[in-house]
Amino acid sequence: MTLSRQEVEHVAMLARLKLSEEEKERLSSELGAILDYVERLEALPTAEVEPLAHVLPMHNAFRPDEPRAPFARDEMLANAPQALDGLFKVPRIL
Amino acid sequence: MERGGYEAVIGLEVHVELKTASKIFCACPNQFGGEPNTHICPVCTGMPGVLPVVNQRVVEYAIRTGLALNCQIAPFSKFDRKNYFYPDLPKAYQISQYDLPICRGGYLDIEVEGERRRIGITRVHMEEDAGKLVHLGTIATTPYSLVDLNRSGVPLLEIVSEPDLRTPAEARAYVERLRAVLLFLGVSDCKMQEGSLRCDANVSVRPRGSQALGTKTEIKNMNSFKALERALAYEIERQLDLLEDGGCVVQETRTWDEGKQVTLSMRSKEEAHDYRYFPDPDLVPIVIDDEWVERVRATMPELPDAARQRLQSCYGLSAYDAGVLTATKDSLDFFDACVALGGEAKAVANWMMGDFSRLLNQRGEEIAESKVTPAALVRMLEMVREGTISGKLAKAVFEEMYASGRGPDEIVREQGLVQISDEEALAPLIAAIVADNPKVAEDYRNGKDKALGFFVGQVMKATRGQANPQVVNAILQRMLRGTQ
Amino acid sequence: MSLCSLTVHELVTLLQRREVSPLEIATSCLQRIEAVDARVRAFLTVTAEQALEHARAIEGGRGLAGIPAAVKDNLCTRGVRTTCASRILENFVPPYDATVVARLVQAQVVSLGKLNMDEFAMGSSTENSAFFPTRNPWDLERVPGGSSGGSAAAVAADEVIFALGSDTGGSIRQPAAFCGVVGMKPTYGRVSRFGLVAFASSLDQVGCLTKDVTDCAMVLQVISGFDPMDSTSARMEVPDYTAALTGEVKGMKIGVPREYFGEGVDGAVKEVLQRALQQFEALGAVVEETSLPHTEYALPAYYILAPAEASSNLARFDGVRYGLRDETADNLLDMYGSTRARGFGPEVKRRIMLGTYALSSGYYDAYYLKAMRVRRLVKEDFDRAFARYDVLVTPTAPTVAFRLNEKVDDVLAMYMSDIATIPVNLAGIPAVSIPCGFVQGLPVGMQVMGRPFGEADLLRAAYAFEQHTGIRALKPGLEVA
């Protein structure tokens, strides 16, 4: 199968990836091939099988409600592409 | 179209920030305000490789809330990721609960115009708050935006009601009642202005009697009770207008514009949201057994309904008075503190619902913000009882207590407001007044009891309210009869 | 023989006898890096000065103190660039250490720097590094495997004494096999993931690459254990792993799942494995053929689950708080799109697209939920097998190291090179790859899988095997002309 161009564009939009025309084309066949391969799962009846999200039977991993000193602002902003007055700066939203 | 033939269907999604010491998934302090980006760490800013660990108190507050709202507490629940991109959402997903929330299936009773209604609670779930965006002007005109992540990771409960509400007044009553319950539980500040209680509404209209639901809109950005009521009223009218004109309601998200007093479409050119929920693999499930639920239940504070009954049965207050005093946790706490300090319950209630409440309303303040302490009010009531000040003087003293926060003794002393109960001091003054008004004295003697009031008034006026009214009464009656 | 070619335990002995100093060992490794890394290209960042300064200040001889090592560049290192071999993090300097890095610091391990990898650990050849591919020290025209290719190559080339890597679908074991070193993927939850830049959170696990099994036990000892910063970290005691190094496997029950010796597996590799199994029998182990019937479904399930988690994990690379940003974009939506387009390489984009698709409205049940159900079947295969056997033995990879560029254009062929390692991640069990022979002068890896938290069983089997073969003595021919 191949993914339609529309599907590729929709998924790329959800993933915030600006794809070139060539990338779109390649991905529609590559993703199609992978999904073809994945399709073999359909042969396996699993209606009665409980989905497995965690391999180990773990639950209730909690932390006590004890505050600790936050990080220094300079350190938290040191990697920011752009910052202003202690805030992260982003281009206009609309 | 006959508008009376239609009814509104309203469901509310209320988000409350929990009043924990630390954030939900990291140990950063959970405090309102602060310099931008000073309550942050790699976890709540979504740096690479960091992991969330659940704050146990958040789970306990959720259970407490669920019990108060008569919900079932899920023996097994989990966290999921809600994926979407926005600059205030550092990981580009919000950790929330999707198909297995911690609480389900409760209700909250509300009262509107004396009528009691039961509003269903669909679910209560835990999630993290996002940060805040700062724009220069509006989002539409700003050349860039700034991101403050102090709020990112603050614990939230989302409380979703069934679409059981029918009027804006009911919606308001529901949120007020919910807020009171949450305040009693001590799980949240519930300050709408600061955003620690936020409310979104789903609104539709349908012919009265119909079971089907009309197309709904989601209304956001209602930042006060007044805004909630007005926005809903506006939106219901807007939808009815549309139907009247033969149009139809478009399912969309709308925002309440406080300035223009209208709801506006928030539709953007972006794609419809597809949040791609899936179980968060970084967090393990939450398993709550009966023992844990009972442990939380055992530590539940008194709720508004129980407090109301207590005030009625222990202190003989009317249902109405008890209802007003238990409307907020702070008000009840103030009342209880006064009574504990020896204040007479009915007098305390009268003052709280009278002068105190009037002053709070005038200033738009909350009882907790007021400078009046329970001890000061109780002392003032004592001074009235002892006859140190008159009830009338007390009003002036209380205003000053409210304004300055000073104690009643100090105010009375400083302003020389001590009540004059000394007969020898009052008698000459009263005699002079009676002498100056022979006609009124005559009237009284002829059986016009009201005339006595005139004299009392004159005496009070002459003493700037300081005369003890009982003493004045006694002297007056003696004098007027005596001269007969 | 230079110090850099020795093992951890050999160097610890020398340090304890005060015959060498940490500075001499570090210097030896740095000289080796200087001599060979221009060809091997295992390192993305060499922190030579800090390493020497640190080595000078350490006494050495206690545990791993004074031993030089390096970590895969998806483990966060405070103050040292952590790139995940991606343009999007090219200049990212974390203000925190990964828990495993902190544990190495605590143990006074001398850090030599950060190792190359497939971008965000997505790949099986280290060719997906955004910066350059790493070469296999045994044959510079071949790949070292991946995604921890830099870690495996650095250990094989004696540039470091040991290395840390991460393993989501075989990313420690497959390169260990290709480079002829020991690679341990511990049980999910055994080692903290805090500070490991997530690829697929439910599958990722940090582990070690060492020159022999004894070193593996020693390093595993240091990095294992509960971490309150990782909710999926197990609150379990860590046994003394060196105590498992008895050399004794008499009576040990070894299962050999037939599905791992199928068509796709190179005949010569199978032969090497058969000989290895005969050696186990000769050592007194009970070797039996068994079956893990859902094996063929593991790979397709993995290629839904891992990309789905990755699509969400990698969403945070949005150009807002750190990392690359396309400064030419004048609005937010364009900034997101072009930053991520420029910042991610083709394989990462492919998996983000695949994962986003699998989670998107209308497809979740058919793909993600289905894959989670299949995951349980795969895990239950192992549960049943481990009711009978102490360990399972398979080839680590279906072939020896392939040539550079051989599989870059064939996505599925590349994915197939993890066919024997992926089921282990789905089941969350531990597995180790140890060298067990050669095919045409290239190392072959044997994978030993164990019960959850059965690392000691793996080490016991692996150590016994290692002691009875002379494989460890062989080194790649990298000698400087």
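The values are calculated or read from the model by the stated rules, or taken from the named source; none is laboratory data. Everything numeric here is computed off the predicted structure, so don't read it as measured data. No Cβ is skipped: glycine too gets one built from the backbone with ideal geometry, and neighbour counts run over all protein chains shown. Just so you know, the surface numbers come from the protein's heavy atoms only, side chains and all, with ligands and any DNA or RNA stripped out. Shrake-Rupley method; radii C 1.70, N 1.55, O 1.52, S 1.80 Å.
Structure summary
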read-out: Under 14 Å, Cβ to Cβ, from residue C:8 - net charge with Lys/Arg +1 and Asp/Glu -1; value: -1
read-out: Neighbouring partner chain Cβ atoms per residue of C:298-310, average, 10 Å criterion; value: 3
read-out: Share of carbon and sulfur in the accessible heavy-atom surface of chain B [1.4 Å probe, %]; value: 50 percent
read-out: Percent carbon-and-sulfur accessible area, segment C:173-213, ignoring ligands, DNA and RNA, probe 1.4 Å; value: 54 percent
read-out: Two-site FRET efficiency, residue A:40 against residue C:289, from Cβ-Cβ distance with R₀ of 25 Å, rounded to 0.05; value: 0.55
read-out: Charge-dipole axis of the protein assembly as shown as Lys and Arg at +1 and Asp and Glu at -1 on Cβ define it, positive-most pick from B:266, C:313, C:262; value: B:266
read-out: Once exposed loop trypsin sites (Lys or Arg not before Pro) are cut out (DSSP; at most 13 other Cβ, 10 Å), longest piece of chain C; value: C:251-481
read-out: Prolate/oblate/rounded label for chain B (Cα gyration tensor, a/c 1.5); value: prolate
read-out: Proximal charge balance of residue C:82 [Cβ under 12 Å; K/R count +1, D/E count -1]; value: +1
read-out: Only Lys, Arg (+1) and Asp, Glu (-1) charged, at Cβ; segment B:302-415 dipole about Cα centre in debye; value: 260 debye
read-out: Cα-based shape type of segment C:13-162, given that a ≥ b ≥ c are square roots of the gyration tensor eigenvalues and the cut on a/c is 1.5; value: oblate
read-out: Distance (nanometres) between label positions extended 7 Å along Cα→Cβ at residue B:220 and residue B:432; value: 7.3 nm
read-out: Size of electric dipole in the protein assembly as shown: Cβ of Lys, Arg +1 and of Asp, Glu -1, about Cα centre, debye, nearest 20; value: 1260 debye
read-out: FRET efficiency estimate (nearest 0.05) - Cβ-Cβ, residue B:414 to residue B:294, R0 35 angstrom; value: 0.05
read-out: Area buried, chain C against chain A - accessible surface, total, 1.4 angstrom probe, square angstrom; value: 5500 Å²
read-out: Average projected area [Cα convex hull, chain C], square nanometres; value: 21.5 nm²
read-out: Once exposed loop trypsin sites (Lys or Arg not before Pro) are cut out (DSSP; at most 11 other Cβ, 10 Å), longest piece of chain B; value: B:270-484
read-out: Net charge of Cβ neighbours under 9 Å - reference residue C:142; Lys, Arg +1; Asp, Glu -1; value: -1
read-out: Inter-part distance where segment C:1-46 and segment B:159-182 are each reduced to a Cα centre, Å; value: 69 Å
read-out: Per residue accessible area in Å² of the protein assembly as shown, where ligands, DNA and RNA are left out and the probe is 1.4 Å; value: 38 Å²
read-out: Carbon and sulfur %, accessible surface of chain A computed with the full protein complex present, 1.4 Å; value: 51 percent
read-out: Mean Cα-pair separation over length for chain B, i.e. relative contact order, pairs under 8 Å, 6 or more apart, %; value: 14 percent
read-out: In the B-A interface, the accessible area buried, summed over both sides, Å² (probe 1.4 Å); value: 3800 Å²
read-out: In segment B:366-447, the GluC sites (Glu not before Pro) that fall in loop regions by DSSP, at most 14 other Cβ within 10 Å; value: B:366
read-out: For segment B:355-389 versus segment C:184-246, the gap between their alpha-carbon centres in whole angstrom; value: 64 Å
read-out: Listed residue (C:177, C:440, C:143) projecting farthest to the positive dipole end of chain C, Cβ model; value: C:177
read-out: The protein assembly as shown: C-alpha gyration tensor shape, a/c 1.5 cut-off, then a/b vs b/c; value: prolate
read-out: Share antiparallel - DSSP beta bridges, chain C, percent rounded to 5; value: 70 percent
read-out: Sites residue C:328 and residue B:252 - FRET efficiency at Förster radius 41 Å, r taken between beta-carbons, to 0.05; value: 0.80
read-out: Interface residues in segment C:216-247 - accessible area drops by 40 Å² or more relative to the isolated chain, probe 1.4 Å; value: C:229, C:231, C:232
read-out: Convex hull (Cα only) mean projected area of segment B:423-480, reported in nm² to one decimal; value: 3.3 nm²
read-out: Sparse-neighbour loop sites [GluC sites (Glu not before Pro); segment C:12-44; at most 16 other C-beta within 10 Å; DSSP]; value: C:19
